[in-house]
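One structure below.
The values are calculated or read from the model by the stated rules, or taken from the named source; none is laboratory data. In this text the structure is predicted, and so the values were computed from the model without any measurement. For neighbour counting, all protein chains shown are included, and Cβ atoms are generated from backbone atoms with ideal geometry for every residue, glycine included.
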Amino acid sequence: MAARIINGNEVSQQMKDEMKDEVVGLKGKGVEPCLAVILVGDDPASKVYVSNKKKACEYIGIRSLETVLPADATTDQLLGVIDGYNKDKSVHGILCQLPLPKHIPETKILRSILPEKDVDCFHPYNVGLISIGEVRFLPCTPAGCLELIKRGGFTTSGADVVILGRSNIVGRPLSNMLDQRNMNATVMMCHTKTKNLKEKCLGADIIIAAMGQPEFLKGDMVKEGVVVIDVGINRVEAPGTERGWKLVGDVDFEAVKEKAAAITPVPGGVGPMTIAMLMKNTLTAAKEAHGLL
């Protein structure tokens, strides 16, 4: 029997509706959550992401601020904008849209955001909190993956989980999060140098694919009843289609869905969840700022 599709659009909408109600309650207490987004340059994909974040804020009732700097803006100019938002007590979350122009040091910029306003959860301080189980925020994409598993009706407790990919954005934080006592998973983080990767995947109850390699996970690499979360989003050639290309994940969807108990699609899986978790972190930051946690 083919897998059940875990629809990220539906789950993210559920979460946004829940947060919309929560924001009404917060405003009743005099708290207006606020997210400030900074965009440097005119990268088309970044513009789309920022627009989607702004729409999510409007829907939920979160106040949204936006600063757009030209592609040739200096590091000091960007740091000045961040400093202003850091000092503004009405701003609860700050997000600097990545990627940045090559002449701006990404690490320096991300570390300049106050940890309590770091709703992307990229600051080393917040990453460190996760590693010791004292969580303020969770990184948006990894948290979205876990939310899909939970709301899909599955549990990580006692599960053997294979993570494909070891990036600082997805693989590493996911491994840290799943290893916590509240998740109780047994985690194996794999990568391109992992030996006997197929055998390791075949032993997994849950596989989270985040390698950035189109359709890497094949049908013969998974066991019956596995839960598969596909983080990848890759543009590949599709001759004969209107655009000449299509988006695929890191999972061979058609093959794997015949064996999996559940699987996320691409697009419409993890992607929408990333924005939902960003909104959730913004509410957490607002509540923390006002002593409501």
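Tabulated data for the structure shown
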read-out: Subset of the range 173-212 (residues that are modelled with pLDDT of 95 or more and of a type in the set (D, E, K, R)); value: Lys195, Lys198, Glu199, Lys200, Asp205
read-out: Counted residues, the range 138-167 - those being more than 14 Å from the chain's Cα centre (by Cα) and surrounded by fewer than 21 Cβ atoms within 10 Å (Cβ to Cβ); value: 11
read-out: Any hit, the range 126-136, residues being at pLDDT 95 or above and surrounded by fewer than 21 Cβ atoms within 10 Å (Cβ to Cβ); value: no
read-out: Count - residues of the range 99-145 that are among the β-branched types (Val, Ile, Thr), touching a residue at least 40 places away in the same chain (Cβ under 8 Å) and assigned to a helix (DSSP H, G or I); value: 3
read-out: Contacts under 7 angstrom Cβ, first residue in the range 181-207 being under 16 Å from Pro142 (Cβ atoms), partner acidic (Asp, Glu) and exposed (fewer than 15 other Cβ atoms within 10 Å of the Cβ), 6 or more apart; value: none
read-out: Where Glu66 falls short, out of the listed (1) of a type in the set (Asp, Glu); (2) closer than 28 Å to Val266 by Cα; (3) surrounded by 15 or more Cβ atoms within 10 Å (Cβ to Cβ); value: (2)
read-out: Selection within the range 75-113 - surrounded by fewer than 22 Cβ atoms within 10 Å (Cβ to Cβ) and touching a His at 6+ places or on another chain (Cβ under 8 Å); value: Thr75, Leu110, Arg111
read-out: Subset tally (residues that are among the polar types (S, T, N, Q), within 23 Å of Asp43 (Cβ to Cβ) and within 19 Å of the chain's Cα centre (by Cα)) for the range 96-137; value: 2
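So that you can scan it fast, the table gives a plain yes or no per residue for (1) touching a strand residue (DSSP E or B) at 6+ places or on another chain (Cβ under 6 Å); (2) within 28 Å of Leu129 (Cβ to Cβ); (3) among the aliphatic types (A, V, I, L, M):
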{"residue": "Glu147", "(1), (2), (3)": "no, yes, no"}
{"residue": "Gly153", "(1), (2), (3)": "no, no, no"}
{"residue": "Ala159", "(1), (2), (3)": "yes, yes, yes"}
{"residue": "Asn184", "(1), (2), (3)": "no, yes, no"}
{"residue": "Cys190", "(1), (2), (3)": "yes, yes, no"}
{"residue": "Asp205", "(1), (2), (3)": "yes, yes, no"}
{"residue": "Glu215", "(1), (2), (3)": "yes, no, no"}
{"residue": "Arg243", "(1), (2), (3)": "no, no, no"}
